[in-house]
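The block underneath contains the structure these notes are about, expressed in structure tokens.
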Amino acid sequence: MDANAVQQAIREGKSIAGQDFSGADLRDVDFSGADLTGCNFKEANLSGANLSNTKLIKCDLRLANLSQSNLMDADLSGSKLRRANLTGSIRLGATIKASALKGAYITGPTAYTD
């Protein structure tokens, strides 16, 4: 599923939970409010993506590029973020287990719920 198909599915209210987006180029996609539970984003490019208020529960985000993304109030419970790039991302109010951030690249606002 490419970025345009993802955006269309979200606009139509279709579920994209559990999809495999590994290695996908999803730069600047607006996922806001979507249920992305169980999705595989390993090595995906999500730079500049709007992931605010999303359910990213039990997602694989290892090696994903989340630089400059908006994770405000996102729920990343149980997600894997090892070696993810979170440089400049907005994480205010996000639910992220600190242990999931081991090896992640992080700068910018750091407020999140553990």
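Listed from fewest to most Cβ neighbours within 10 Å, the set ASP35, ASP2 follows the order ASP2, ASP35. Segment LYS58..ARG82, full-extension length gain: 7.3 nm, with 0.36 nm per residue of separation and the alpha-carbon distance subtracted. Given in Å, the Rg to one decimal and the Dmax to the nearest whole number for the Cα atoms of the stretch 32-89 are 9.8, 25.
The fewest-to-most ranking of SER67, SER22 by surrounding Cβ atoms within 10 Å reads SER22, SER67. Building the convex hull from the alpha-carbon atoms of the chain and averaging its projection over directions returns 5.3 nm².
Bear in mind that the values in this text are calculations on the coordinates, not laboratory data. What you see is a predicted model, and the numbers here were worked out from it, not measured in a lab. Here the Cβ is made from the backbone with ideal geometry for all residues, glycine too, and neighbour counts use every protein chain on show.
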